[in-house]
Structure formats: structure tokens, C-alpha cells
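Values in this text are rule-based calculations from the coordinates and carry no lab data. Treat the numbers as computed from the prediction; the structure is a model and nothing was measured. Positions of Cβ are backbone-derived with ideal geometry, glycine not excepted, and every protein chain shown enters the neighbour counts.
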Amino acid sequence: MRNNSLGRARLAGVVALGTLLLASCASAPVQEMSNARQAIRAAQDAGAANKAPATLTEAQGALNRAEGLLHKKFYRAARHSAEEAHTKALAALEQTRGTQREEKK
């Protein structure tokens, strides 16, 4: 009898852990979206629209895709696109800063 109770407790633990893992994967990528928006804003403020327009446009496109996916509740894909937008925005910011350093020489 004790063995059966132990088995049920383990099963309950596995189910609870699985539920937690699924919930963490299925949650909206709020932080990732915020990070992407802030990085794009920083790149724009630094002048990326003039100095790294292609990369900034790619970042904005990735963010737009992420927003569309978020509205459809495709959270994993939205997270991936938001992370891509963040990475592209940081690249645009670096390109802009690199161009500004070159101009100062």
C-alpha cells in the first residue's frame, strides 16, 4: 500500500513539473518584446535610420513579426522574433556608433 502511495506522489510531482515547464514555454514573451523595443528606440535615437538603415529596418520587421505572432498567441515564435529584433537593433546601434567613431577621426 505504501508503495502505491509513493508511486502516486511521484506521478503527481512529474505532472506538476511538466505543467510548470509547459507554462514557462507558453507564456507571452513580455520581457523579450520590451528588450527589442528599447534596443530599437536606442538605435533610432543614435541615428541608425541614417547610418544603418538596412539593419534597423530588419530589426523593425522582426519586431512587427513578433507582435503579429504574439497576437495569434504563437508565443515561442514571437519570442524568437523578438530576440531577433533585439539582436538586429543592437547591431544597428553598433554600426551607428562605429560610423560615428570613424567620422570623428
TODO: Using every Cα-Cα pair within region 28-104, state what percent have a distance larger than 16 Å.
DONE: 44
TODO: Please check which bits of region 53-93 a label hung off ALA42 would reach, taking the label as a point 7 Å along Cα-to-C-beta and the cut-off as backbone N under 16 Å.
DONE: 56, 59-60, 83-93
